[in-house]
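Engineer: This structure is in C-alpha cells; I'll ask about it shortly.
The values are calculated or read from the model by the stated rules, or taken from the named source; none is laboratory data. Just so it is clear, the structure is predicted and the values come from calculations on it, not from any experiment. Heads up, the Cβs are rebuilt from the backbone with ideal geometry, glycines too, and the neighbour counts pull from every protein chain shown. Accessible surface areas use protein heavy atoms only, side chains included; no ligands, DNA or RNA. Shrake-Rupley method; radii C 1.70, N 1.55, O 1.52, S 1.80 Å.
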Amino acid sequence: DFYSANIAQKMTDDDRQIFKTGRPKLNIVEQYESAKGIRWVKTDKIPIFDKEGIVVGLVGFAQDITESKLAEELLRQSRTLLKSIVDGTSDAIYIKDLQGRYLLFNAGAARAVGKSEQEVLGHDDTALFTADEARTVMEGDRKVMESAKTTTYEEVVTTPDGVRTYLSTKGPIFDSTGRVTGLFGIARDITERKQAEEKWKKQMDELISWHNVTIGRENRVIELKKEVNELLAKLGQPPRYESQDT
C-alpha cells in the first residue's frame, strides 16, 4: 500500500493497456504521498515480449523528480509575480535583442505608443517612431550594449499623445557566459515635469531680467543726483540731494 487508491488504479490501468497494446508508456508523471510528503515521480514502462511477440511482462523505470517540479513551481510563481509587477506599473518596460527587436513589451509601453504587445513584439523602433527618432533611440541602445553598463538619460519621441519626453534607464542583458544578448529598458514619462521646469525657468529669467532693469534704473537715478550735486557745487550752491555714498 504505497500509493493512494486513485494512483494505484491509474498505474494498474496503464499496465493493462501496455499488455493489451504492446506499446510502451513514457514520461508518465504522477504525484503521490509519502512519509516525506508529496512526491513527484516520472515513470517509463516498456513491455517485455516472448519469442512469439506476446507481451509477458513489463519493466518500469521510475525517477523522483520532486525537486525539479518544486523548482518549476517556484519559477512559475516568480514569473507570475514579475508579470504582475511589470504589467502593474505605469512605466514602460521592455526587453530588446541585439538587433533591437522587442522581446518583452509591457502594458505601460503599449499605452504609450498606442499599439498592442502583439503588434510590437518581433519589431524594432522603426515600427513605433519616426525614422529620425527610431535611429536616435536605436543608437542609444547600441551605446548601452557596447558599454555593457546601465545608463539613464532623456529621450524625446512622438506618440499618439504628441511629443513626449521620457527618462529612460537602459542596461545590458547577459547570457550565462557573460556575453551581451540584448538590453532592458524602463522609461518614465516626464513631459509634464519638463514643461513645469521650463515654465519655472522662463519665469525666473523674466524675474531676473526685471530685477536687473529695476536695479539699473535705480543706479542711474543715483548717478543723476550725484551729477546734479556736483554741478551745484561748481556753482557754489549747496547740494540738493543727500549723498548716496556708503
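Engineer: Return the total of residues in the stretch 228-246 being part of a helix (DSSP H, G or I) and open to solvent by less than 90 Å² (accessible area, probe 1.4 Å).
Structural biologist: Of the residues in that region, 4 qualify.
Engineer: Among the residues of the stretch 75-104, which ones are under 12 Å from V120 (Cβ atoms), touching a Lys or Arg at 6+ places or on another chain (Cβ under 9 Å) and surrounded by fewer than 17 Cβ atoms within 10 Å (Cβ to Cβ)?
Structural biologist: L103
Engineer: Between a first residue in the stretch 141-156 that is touching a residue at least 12 places away in the same chain (Cβ under 8 Å) and closer than 18 Å to D125 by Cα and a second residue that is part of a strand (DSSP E or B) and open to solvent by 80 Å² or more (accessible area, probe 1.4 Å), which pairs have beta carbons less than 9 Å apart while being 6 or more apart in sequence or on different chains?
Structural biologist: As it stands, the answer is V156/V163, since those pairs meet every condition given.
Engineer: Can you name every residue in the stretch 167-185 that is under 16 Å from A109 (Cβ atoms) and over 13 Å from the mean Cα position of the chain (by Cα)?
Structural biologist: Across the stretch 167-185, there are no qualifying residues.
Engineer: Please indicate, with yes or no, whether at least one residue in the stretch 175-184 is of a type in the set (G, A, S), at positive phi and surrounded by 11 or more Cβ atoms within 10 Å (Cβ to Cβ).
Structural biologist: yes
Engineer: Select from the stretch 108-124 the residues that are of a type outside the set (D, E, K, R) and surrounded by fewer than 17 Cβ atoms within 10 Å (Cβ to Cβ) and write down the one among them that is farthest from G162 (Cα to Cα).
Structural biologist: G122
Engineer: Oh, and also: Starting from residues that are among the aliphatic types (A, V, I, L, M) and either in contact with a Lys or Arg (Cβ under 6 Å, 6 or more places away or on another chain) or part of a strand (DSSP E or B) (or both), keep the ones in the stretch 177-227 and report whichever is farthest from T159 (Cα to Cα).
Structural biologist: Ranking the candidates gives V180 first.
Engineer: Still on this structure: Filter the stretch 37-74 for residues that are touching a strand residue (DSSP E or B) at 6+ places or on another chain (Cβ under 6 Å), open to solvent by less than 60 Å² (accessible area, probe 1.4 Å), closer than 20 Å to R16 by Cβ and not hydroxyl-bearing (S, T, Y) and give the result.
Structural biologist: V41, D44, K45, P47, D50, V55, G57, L58, V59, G60
Engineer: Here are some conditions: (1) within 23 Å of the chain's Cα centre (by Cα); (2) more than 16 Å from G100 (Cα to Cα). T136 meets all but one. Which one does it not meet?
Structural biologist: The single condition T136 does not satisfy is (2).
Engineer: Separate question: If you check G37 against the conditions, is it among the small types (G, A, S) and either within 18 Å of K69 (Cβ to Cβ) or touching a residue at least 40 places away in the same chain (Cβ under 8 Å) (or both)?
Structural biologist: yes
Engineer: I need the full set of residues from the stretch 48-87 which are in a strand (DSSP E or B) and either charged (D, E, K, R) or more than 20 Å from A8 (Cβ to Cβ) (or both), in order please.
Structural biologist: I48, F49, V55, V56, D64
Engineer: Got at least one residue in the stretch 16-33 being open to solvent by 50 Å² or more (accessible area, probe 1.4 Å), more than 25 Å from L70 (Cβ to Cβ), assigned to a loop (DSSP other than H, G, I, E, B) and modelled with pLDDT of 90 or more?
Structural biologist: yes
Engineer: Which residues, taken from the stretch 125-141, are open to solvent by less than 40 Å² (accessible area, probe 1.4 Å) and either part of a helix (DSSP H, G or I) or more than 12 Å from T158 (Cα to Cα) (or both)?
Structural biologist: D125, E133, A134, V137, G140, D141
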